Amino acid sequence: MGFFITDGFNMSTLSIELVNILNSLITNQECEEMRVKLDTIDSFYVYCQKNNLVKETNLKEIELRKLEPFPKFVLSEKLRNKNETGFKINFLNFNEETTSKMIKTSKDHKIRMTSFFYTIGLYALKELYDQNEIEFPKDILIDIAVSLRIRYKPILDFCHIRSHVSLITFQIEDDQFGDFRDFWRDAQILDELIKQKSDIDNGILFSMTHDFQALNEIDKIFNSNKSRDELFDEMSKNHNCDLAFSNLGSYVNDIVKEEEEGPFVIKEMYCSDSIQTKASIGIIQHIIFWKGEMMIQFGASKSKISSVNMNKYIKNFENIIKDLINE
C-alpha cells in the first residue's frame with residue numbers, strides 16, 4: 001500500500017478528475033484525465049533548495065522567533081464539553097447573489113478575501129466569548145495555510161502530486177488590531193500584515209517549515225514509545241493557535257476543467273483536513289470558490305470546543321457577513 005501527502009488544491013483537483021473519469025466511463029468517451037499522467041514532483045524542501053527560495057531573511061526570522069516565543073491563542077476551557085470527543089464538520093454555502101455581494105464589499109474596501117474572512121472569524125469568536133462571559137485574549141495569533149504552488153514562477157500544475165503548503169503564524173497585539181468596534185479598520189490592518197508575511201521574497205513563509213531544530217524535536221516525539229494519546233498531549237503543549245484559515249480561492253474553479261458530458265455534476269465543493277479523533281487545532285476553516293458560489297467548511301475538535309458553542313460561532317459568522325453586505 002502506498003500513500004502520499006498533498007494539499008487542498010491538489011485534492012480538489014483530484015475530485016474533479018475522478019468525476020470526469022466516471023462520466024467518461026458511463027458515456028464511453030475519453031476524457032483528458034485518461035491521457036494525462038499524474039506526476040510526482042520534487043518535495044517542498046528539494047524544490048525550495050533547487051530554486052534558492054529560502055533567503056537569508058527567512059533564516060534570520062527563524063532565529064528571531066526562537067528569541068521571542070509567541071503567546072498561545074488557544075480556546076478557553078470554558079467553551080468545552082468534557083463529555084464530547086471527535087471532530088465536528090459543518091458546511092456553509094453562499095449562493096451566487098450573496099457571493100457576489102461579499103466579493104464586491106471586500107473589493108470596495110480594498111480587502112482580500114482571506115483577510116475578509118479571517119477578520120469575520122475573529123469577530124465571531126470574540127462574540128462567542130462575550131456570549132459565554134469569557135474575557136477575550138489581548139494578544140492574537142494569526143495562523144494561515146499558504147499555497148506555494150500559486151507563488152512559484154511558473155505556477156505548479158495542480159496535477160502534480162506533493163504538498164507545497166507553508167503555514168504562517170504571526171502575532172497581532174491588541175493596540176494594533178483595535179477594540180473590535182471598527183471592522184474595516186481591523187480588516188485593513190490584518191490585510192496589510194498578511195500581504196507582508198506571505199510575500200515569497202521577504203515574508204515568513206519558510207520560518208516554520210525550515211526550523212529544523214523544531215522539526216528534530218517533533219521527530220524525537222514520534223520516535224518514542226509513547227501511546228497515541230501521550231503523543232497528542234505532548235504535541236498540544238507546543239500548539240500555539242486554535243483558529244486557522246485556508247483560502248483556496250477561485251484557482252481550481254478557473255484552471256481545472258470539468259467535463260460537461262455525463263450524469264455526474266459537482267454542485268458544491270469542500271476541502272478537508274484529515275478527520276482525527278483528537279485534532280490539535282480548535283477551529284479550522286477552508287474556503288473555496290466554485291461555479292460562482294462561495295463554500296466554507298468548518299472543522300472543529302470537540303475536545304477544544306463543544307458542539308453547542310461551535311454552532312453559536314458559525315451563527316455569529318453568518319450574521320456578521322449579513323450585516324457587512326447589507327450596510
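The values are calculated or read from the model by the stated rules, or taken from the named source; none is laboratory data. This structure is a prediction, so every number in the text was calculated from the model and none was measured. Because the Cβ atoms are built from the backbone with ideal geometry, glycine has one as well, and the counts that use them run over all protein chains shown.
Within segment 189-204, residues that are touching a residue at least 12 places away in the same chain (Cβ under 8 Å) sit with their Cβ atoms under 7 Å from residues that are charged (D, E, K, R) and surrounded by 13 or more Cβ atoms within 10 Å (Cβ to Cβ), at 6+ positions apart or across chains, in these pairs: Asp191/Arg112; Ile200/Arg151; Asp201/Lys55; Gly203/Lys197; Ile204/Glu61; Ile204/Lys197. Residues that are basic (Lys, Arg) and touching a residue at least 12 places away in the same chain (Cβ under 8 Å) within segment 287-327 comprise Lys291, Lys302, Lys304, Lys312, listed in sequence order. Please indicate, with yes or no, whether at least one residue in segment 93-110 is of a type in the set (Val, Ile, Thr) and at pLDDT below 95. Within segment 93-110, none of the residues are of a type in the set (Val, Ile, Thr) and at pLDDT below 95.
Residues that are surrounded by 19 or more Cβ atoms within 10 Å (Cβ to Cβ), modelled with pLDDT of 80 or more and among the charged types (D, E, K, R) number at least 2 in the following helices (runs of 4 or more DSSP H) confined to segment 146-248: 183-197.
Of all the residues in segment 105-134, those that are in contact (Cβ under 8 Å) with a residue 60 or more places away in the chain and of a type in the set (Lys, Arg) number 2. Restricting attention to segment 84-115, the residues that are in a loop (DSSP other than H, G, I, E, B), on the phi < 0 side of the Ramachandran plot and surrounded by 13 or more Cβ atoms within 10 Å (Cβ to Cβ) total 4.
Filtered by the rule that a residue be without any contact (Cβ under 8 Å) to a residue 24 or more places away in the chain and within 17 Å of Leu125 (Cα to Cα), segment 159-188 gives Gly178, Asp179, Arg181, Asp182. Of all the numbered requirements in (1) surrounded by 14 or more Cβ atoms within 10 Å (Cβ to Cβ); (2) touching a helix residue (DSSP H, G or I) at 6+ places or on another chain (Cβ under 8 Å); (3) not hydrophobic (A, V, I, L, M, F, W, C), Asn81 misses one, and that requirement is (1). Does Asp143 satisfy the criteria of being assigned to a strand (DSSP E or B) and within 19 Å of the chain's Cα centre (by Cα)? Judged against the criteria, Asp143 is a match. Taking every residue in segment 263-286 that is of a type in the set (S, T, N, Q) and exposed (fewer than 14 other Cβ atoms within 10 Å of the Cβ) and pairing it with any residue that is in a loop (DSSP other than H, G, I, E, B) and at pLDDT 80 or above, at least 6 positions away or on another chain, the pairs with Cβ-Cβ distances below 7 Å are Thr277/Thr85; Thr277/Gly86.
Scanning segment 311-319 turns up no residue that is in contact with a His (Cβ under 9 Å, 6 or more places away or on another chain), farther than 15 Å from Val74 by Cα and modelled with pLDDT of 95 or more.
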